[in-house]
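Heads up: the structure comes next, in structure tokens.
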Amino acid sequence: MAGLLAARALAEHAESVVVLERDRLPQEVAPRGRVPQGRHLHVLLSAGLERLRQWFPGIEEELTALGAVPVEGSEAWVHQGGGYRARGYWGRPGLGMTRPLLEHVVRGRVAALAGVTIQDGTTVDAVTMGLGRVTGVVVDGTPRPADLVVDCSGRSSRIAHALAASHVLDPPVTTVGIDIGYTSFFLRRTPEDFEGKLLVSIENPGSFRGGAVVPVEGDRWQVTLSGVHGDVPPATDDEVVAFAETLSTPAVAQLIRHCERVSAIETYRFPSSRRRHYEKVRALPPGLVTLGDASSSFDPIYGQGMTSSALQAEALEAVVGRIGVLSEDLPKRFHRKAARIIEAPWRIAVGGDFGHPATVGDRPVGTAQLNGYMVRVIHAAHASLPVTRSFNRVLQLEDPPTALLGPTTVARVLRASRRSPAVTGAAVQHPRVGPPRVT
């Protein structure tokens, strides 16, 4: 996805753009072998969806026609910290869909752009260099020239590892160990299954166990259960239900029992969040920038990866539009701009992960104080729709985390947090699962 969005960002500023993909790309909507998370829940946050709307007019309607499900805040049941977030208008509706569907549609849109070529089944072994700048790539042993190389090859990037090993480009790296494991599968979906369209249980603060049920194409629910630091969700039906029953909302387990499973149960482990700080490198080689997971890879449970890549691609488009593809200042200017984009999701994900005592790594300054305030925000969101809306805009990467520190929002948080059922002890009404009773 990062490579496709980078190609779109550069299409109007370069004579030609070539996307080199290692996988053999499927013609139909299907998970890919080299995207191990492709069988698990993916979320395109509203900031990312807005960039896709701008780059690909009509893409939202195309995705909906293929079965993606619009989800409003009034249809979302999100349980965290002892209650559900206030339901109502949270902003423009999101879309429930699988990663393969989104990727398939975006790939088709990018492939149709003038001057853009997608070549699959190709392996990029390294970059070529001359006179201190990157001059192209080595593809399956053959050099290919390029004025600009955009490394979007993921957290295990061969290019990044080779350049670091040769000390040509060895940025500082921040790693935060979270060891998250998750289990995903699909259920058959009918209109009577559940009185909403989105169900999420977040145990942070708490056990850090999580569960999410999202409507996707094909009349299916996609379910993902998660745990951290060795608390790995199981992969058998009975154990899956037992794990779901430990969540703070009973609705996740009820929905799993109520609906028919229509896929295999898939598992995945993610050891750590990792960030390569290219913005801190004094002399970046011209002709190369790094984007997406190859630059910053977040705890996936926060759903920020694709949206962060979209925002970074937008930044690349802006910088290239000002100074051109050939500029020697391009890497420095882009990575400084990208670092500011990455900082918000990094603070959200890593700051949240440090709420667990077993999390290890470099803790961002002020994390303890911010996490203490975020507990108040979570409680306030149970009772205040404006707080929920502000909180949602931050989580959707539309606003920076500092937006929650404005005087009006702080006052709302302090007032509304006292009305949370987690504070008052009031009973929490859970959503109905299954057809309504006839009386």
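Tabulated data for the structure shown
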item	result
Residue list for region 229-267, restricted to those being closer than 24 Å to Asp219 by Cα and among the aromatic types (Phe, Trp, Tyr)	none
Top-ranked residue in region 85-94 [being touching a strand residue (DSSP E or B) at 6+ places or on another chain (Cβ under 6 Å) and surrounded by 21 or more Cβ atoms within 10 Å (Cβ to Cβ); ranked as farthest from Glu195 (Cα to Cα)]	Gly94
Hits in region 352-364 (condition: farther than 15 Å from Arg275 by Cβ and without any contact (Cβ under 8 Å) to a residue 60 or more places away in the chain)	Pro357
Filter result for the condition that a residue is among the hydroxyl-bearing types (Ser, Thr, Tyr), under 19 Å from Ala7 (Cα atoms) and buried (at least 17 other Cβ atoms within 10 Å of the Cβ), over Thr98, Thr123, Thr135, Thr117	Thr135
Residues within region 412-439 that are surrounded by fewer than 15 Cβ atoms within 10 Å (Cβ to Cβ), within 30 Å of the chain's Cα centre (by Cα) and in a helix (DSSP H, G or I), tallied	1
Residue in region 277-295 that is of a type in the set (A, V, I, L, M, F, W, C), modelled with pLDDT under 95 and farther than 30 Å from Ala126 by Cβ present	no
Residue count, region 155-168 (criterion: in a loop (DSSP other than H, G, I, E, B) and either over 16 Å from Ala338 (Cβ atoms) or touching a Pro at 6+ places or on another chain (Cβ under 7 Å) (or both))	4
Selected residue (only one of Ala358, Ala310 is on the phi < 0 side of the Ramachandran plot, small (Gly, Ala, Ser) and part of a helix (DSSP H, G or I))	Ala310
Subset tally (residues that are surrounded by fewer than 21 Cβ atoms within 10 Å (Cβ to Cβ) and either closer than 16 Å to Ala349 by Cα or at pLDDT below 95 (or both)) for region 182-195	3
Candidate set from region 327-354 (those that are within 18 Å of Gly372 (Cα to Cα) and of a type in the set (D, E, K, R)); member that is surrounded by the fewest Cβ atoms within 10 Å (Cβ to Cβ)	Arg347
Residues of region 77-121 classified as assigned to a loop (DSSP other than H, G, I, E, B), of a type outside the set (Val, Ile, Thr) and under 20 Å from the mean Cα position of the chain (by Cα), total	5
Condition check for Thr135: at pLDDT 95 or above and among the polar types (S, T, N, Q)	yes
Any hit, region 30-38, residues being part of a helix (DSSP H, G or I), farther than 21 Å from Arg8 by Cα and either modelled with pLDDT of 95 or more or in contact with a helix residue (DSSP H, G or I) (Cβ under 8 Å, 6 or more places away or on another chain) (or both)	yes
Residue match in region 206-217 (condition: of a type in the set (D, E, K, R) and at pLDDT 95 or above)	yes
Test for His42: is it assigned to a loop (DSSP other than H, G, I, E, B), out of contact with any Phe, Trp or Tyr (no Cβ under 7 Å at 6 or more places or on another chain) and modelled with pLDDT of 95 or more	no
Check on Gln54, part of a helix (DSSP H, G or I), exposed (fewer than 15 other Cβ atoms within 10 Å of the Cβ) and among the polar types (S, T, N, Q)	yes
Residues of region 223-243 satisfying the condition of being under 21 Å from His258 (Cα atoms), touching a residue at least 24 places away in the same chain (Cβ under 8 Å) and either in contact with a Pro (Cβ under 8 Å, 6 or more places away or on another chain) or in a loop (DSSP other than H, G, I, E, B) (or both)	Leu225, Ser226, Pro233, Pro234, Ala235, Thr236, Val240, Phe243
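The values are calculated or read from the model by the stated rules, or taken from the named source; none is laboratory data. From a predicted model like this one, the values you see are computed outputs, not experimental measurements. Note: ideal-geometry Cβ built from the backbone for every residue, glycine included; neighbour counts use all protein chains shown.
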